[in-house]
Amino acid sequence: MRQFPFQSQGPRARMGQPILKRPKLERFLGDMLENYPILSVVAGMGYGKTETIRSMLKGMDAVIAWVRLTEYDNNPVHFWNNFTQAMVPYNAPEVVGFLRSTGMPDGPAQFERYLEFPDAMIVPGKRYIFVYDDLQLIHSPSVLWFLEKSISAPYKMVRSILLSQSEPAFSSMRSKASVLRISEEELSFTWEETRDFLLLRGLNLPDESLDLIFKETAGCPAALQLIGSFLQESPYFSERRALSAMRASLEGIFEGEIFSRISPELSLALEKLALIETPTLALLHETGIVHETIEKEMKGLSAVLRRNCSSDAYRIHPLFLDCLRRRKSSLDAA
């Protein structure tokens with residue numbers, strides 16, 4: 001499924017907007033650099049995973065290889081070109097050329113030979129950070145095998161940051177001692193951050209207006225960006241009118257990117273799922289809301305629907321949940 005173009009459905013953010021400092025998230029990064037080889041950032045659409053990490057890494061004294069993944073990277077040849085391209089700024093052309101010519105390691109012996117190159121390239125005292133962006137798009141067993149082996153390689157100065165809409169199914173990440181996790185809860189703005197975010201855009205709102213905006217957006221950064229843009233572009237908008245415009249923008253996105261692409265059966269299942277407080281997979285099967293085909297189709301909705309493997313419960317993106325409930329009310333009324 002494509003990325004959701006939040007900005008395309010409403011007024012664009014102004015260029016040069018100041019960026020809100022988020023000390024709590026910056027402490028996560030510092031903690032990861034000192035104590036954890038892996039930082040896993042898992043959240044649905046609109047939580048600013050990429051921009052948050054990019055902002056946190058900006059100006060850091062480290063070698064940063066950013067690997068932006070797409071569906072095409074399920075082809076090992078395409079992935080290997082993409083992966084080695086991220087190394088180009090930091091390595092001699094002959095090193096990257098040799099890696100490309102050898103191809104992606106597809107077994108233990110080849111991977112051991114590959115490890116000899118990182119060993120030779122690492123400068124003592126230097127930090128190295130690999131960022132794997134949109135990891136949820138990868139399902140190729142061979143590419144996932146290489147990625148898991150890479151992020152668990154024993155290099156003290158190498159860190160891996162995984163950005164994904166769903167929890168990576170890597171066995172090496174089961175140990176809490178090796179992984180620091182950031183979820184939607186940490187990425188969501190607090191009430192105070194909501195206030196400061198809007199103040200940075202010249203929007204000094206009374207507390208009752210902030211209460212309403214915070215409640216309706218659930219602290220989702222992309223939703224707040226829309227609200228801020230509407231209020232900046234249209235100074236005479238009330239916060240309620242801006243919220244209505246935000247909902248209309250989001251409904252257009254959800255309609256075009258989700259409801260128009262899924263089966264009517266899944267659409268009905270989602271409306272029923274939205275009424276259950278803790279929708280576990282077992283409960284959905286028991287009640288007949290979900291069967292094997294629908295469950296498989298649901299896996300393609302990681303942008304708005306995520307299953308917690310430990311609790312077996314689904315979490316619906318709060319803005320999508322609101323849209324589902326309003327959509328059902330409209331259909332019922334009709």
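Report in % the part of the accessible area of segment 46-128 that belongs to carbon and sulfur, leaving out ligands and nucleic acids; probe 1.4 Å.
C and S atoms contribute 56 percent here.
Here are some values of Rg and Dmax of the Cα atoms in Å: [x] 21.7, 68; [y] 19.9, 67; [z] 31.8, 96. Which one was computed from this structure?
Given [x] 21.7, 68; [y] 19.9, 67; [z] 31.8, 96, the calculated one carries the label [x].
Give me the distance in nm between label points sitting 7 Å out from Cα along the Cα-to-Cβ direction at ALA248 and GLU297, one decimal.
The modelled label-to-label distance comes out at 3.0 nm.
Please work out the FRET efficiency for the pair SER152 and GLU286, using the Cβ-Cβ distance as r and a Förster radius of 41 Å; give the result to the nearest 0.05.
The computed FRET efficiency comes out at 0.65.
Given R₀ = 30 Å, FRET efficiency for LEU268-LEU144 by Cβ-Cβ distance, to 0.05?
0.40
Towards the positive end of the charge dipole of segment 140-290, with charges on Cβ (+1 Lys, Arg; -1 Asp, Glu), say which of LEU180, SER152, ILE289 has the farthest Cα.
SER152
Say we join alpha carbon atoms closer than 10 Å with springs in a Gaussian network model of the chain; which of ALA242, ALA65, ALA109 then has the biggest fluctuation?
ALA109
Tilt of helix 239-254 relative to the longest C-alpha principal axis of the chain, in degrees (0 to 90, nearest 10)?
60 degrees
Relative contact order (percent) for the chain, with alpha-carbon contacts under 8 angstrom and 6 or more residues of separation?
Contact order relative to length: 25 percent.
Is there a quick way to get the dipole size of segment 208-255? I mean about its Cα centre, with the Cβ of Lys and Arg at +1 and of Asp and Glu at -1; what is the value in debye to the nearest 20?
Computed about the Cα centre, the dipole is about 20 debye.
Helix 191-200 sits at what angle to the longest principal axis of the chain, using alpha carbons and giving 0 to 90 degrees rounded to 10?
Helix 191-200 sits at roughly 90 degrees to that axis.
Can you tell me which lysines have their Cα less than 19 Å from the Cα of LYS149? Leave out same-chain residues fewer than eight positions away.
LYS176
Relative to 2.2 N^0.38 Å, what does the C-alpha radius of gyration of segment 230-284 come to as a ratio? Two decimals please.
That works out to 1.61 for segment 230-284.
Structure shown: which of LYS49/LYS272; LYS24/LYS299; LYS24/LYS156; LYS49/LYS328; LYS21/LYS49 lie over 22 Å apart, alpha-carbon to alpha-carbon?
Cα-Cα > 22 Å for LYS49/LYS272; LYS24/LYS299; LYS24/LYS156; LYS49/LYS328; rest within.
Measure nothing but the geometry: give the 0 to 90° angle between the long axis through the Cα atoms of 207-217 and the longest principal axis through the Cα atoms of the chain, rounded to 10°.
With rounding to tens, the tilt is 60 degrees.
On the first, second and third principal axes, largest extent first, how far apart are the outermost C-alpha atoms of segment 141-251 in Å?
Taking the Cα atoms of segment 141-251, the three principal extents are 56, 27, 20 Å.
May I ask you to compute the full-extension gain from PHE237 to LYS328, defined as 0.36 nm times their residue separation minus their alpha-carbon distance, rounded to one decimal in nm?
Taking PHE237 through LYS328 to full extension adds about 30.0 nm, to one decimal.
Tell me the label-point distance for the pair ASN81, SER55, using the 7 Å Cα-to-Cβ offset, in nm and rounded to one decimal.
3.5 nm
Give, rounded to the nearest 20 debye, the magnitude of the charge dipole that the chain has about its Cα centre when Lys and Arg contribute +1 at Cβ and Asp and Glu contribute -1 at Cβ.
Approximately 520 debye in magnitude.
The values are calculated or read from the model by the stated rules, or taken from the named source; none is laboratory data. These numbers come from a predicted model, not from an experiment. Positions of Cβ are backbone-derived with ideal geometry, glycine not excepted, and every protein chain shown enters the neighbour counts. Ligands, DNA and RNA are stripped out before the accessible areas are found, and what is left, the full protein with its side chains, is counted by its heavy atoms. Shrake-Rupley method; radii C 1.70, N 1.55, O 1.52, S 1.80 Å.
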